[in-house]
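Take a look at the structure set out below.
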Amino acid sequence: MGLDEQIEQVQAGNLDAFAEIVRLYERPIRAWLVSRCPPGGDADEVAQKTFVQAFKRIDDFAIGTDFRAWLFTIARYQLMAECTRLQRMADYHSRYAPHALNQELERRAAGDSDAQNPLLGHLRSCLEEMGEKPRQILNWRYGEEKPLAEIAELTNRSVGAIKKHLFQLRKALYECIQRKQATEAGQ
């Protein structure tokens, strides 16, 4: 039985015929999606959504046209939707993390002393050890909430370089605080 006949059977309501179509195209669709899915994306989930959409829209398929191209077009649109979803999540987290950090620092700063909150004391000490330029970049990003593009312009660097630099600064702060805690625990 040819592909067009299987599609006609699916359009007539035969689910087993669609299972055979999925079996034929599952590996090529998944391979294509895996090669294009961004980090954090779930290619298997996108493949499943592709076949669900293909089943829902099988009546729209014109027998005699290229089914593979039709199916891969659906996969492409499902992948674009997944990329949009991931971008929205990243945007949300990039806006939320600095806000949450500021709120937590303000809450902790409302306490009377570093003795009540030793981590805040360690953070202050580690920031002092960093130097003026790194502190300025951290302040621009997390204190003033400047966009990465604006910080890049102020420092004559690329946005990617600023992202990497901020990651390194956060990592250095984390390691510094860990060292101070270990030293404190060893006393």
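What follows is calculated from the coordinates using simple rules that are stated; it is not laboratory data. Fair warning: this is a prediction, and the values are worked out from it, not measured in the lab. As a convention, Cβ positions derive from the backbone with ideal geometry for all residues, glycine included, and neighbour counts pool all protein chains shown.
Dipole size of the chain about its Cα centre, with +1 on Lys/Arg Cβ and -1 on Asp/Glu Cβ: approximately 700 debye, rounded to the nearest 20. Cβ screening of the chain for cysteine pairs under 4.7 Å finds these without a partner: C37, C83.
Among the lysines of the chain, pairs at least eight places apart or on separate chains and with Cα atoms under 24 Å apart come to 10.
Using a Gaussian network model of the chain whose springs link C-alpha atoms within less than 10 Å, name the residue from D66, D42, D91 with the highest mean-square fluctuation. Comparing D66, D42, D91 in a Gaussian network model of the chain, the most mobile one is D66. The fewest-to-most ranking of L24, L15 by surrounding Cβ atoms within 10 Å reads L15, L24. Here the gap between Y77 and R95, fully extended at 0.36 nm per residue and compared with their Cα-Cα distance, gives a gain of 3.8 nm.
Between V52 and R157, what FRET efficiency comes out of the Förster formula 1/(1 + (r/R0)^6) with R0 = 41 Å and r the beta carbon distance, rounded to 0.05? Once rounded, the FRET efficiency stands at 0.40. With the helix formula -39500 (n - 2.57) applied to DSSP H stretches of n ≥ 4, the chain reaches a computed 222 nm mean residue ellipticity of -26000 deg cm²/dmol.
When exposed loop sites are taken as trypsin sites (Lys or Arg not before Pro) in a DSSP loop with at most 16 other Cβ atoms within 10 Å, the longest stretch of the chain clear of them is 58-156.
For the stretch 111-186, what is the Kirkwood hydrodynamic radius in Å, using each pair of distinct C-alpha atoms?
The Cα-based Kirkwood calculation yields 13.5 Å.
Relative to the longest principal axis of the Cα atoms of the chain, the long axis of helix 15-36 makes an angle of roughly 40 degrees. Where Rh is the Kirkwood radius over the Cα pairs of the chain, the temperature 4 °C and the viscosity 1.567 mPa s, what D in µm²/s does Stokes-Einstein return? This corresponds to a translational diffusion coefficient of 61 µm²/s. Dimensions of the stretch 3-85 based on its C-alpha atoms, expressed as ranges along the principal axes with the largest first, amount to 39, 20, 18 Å.
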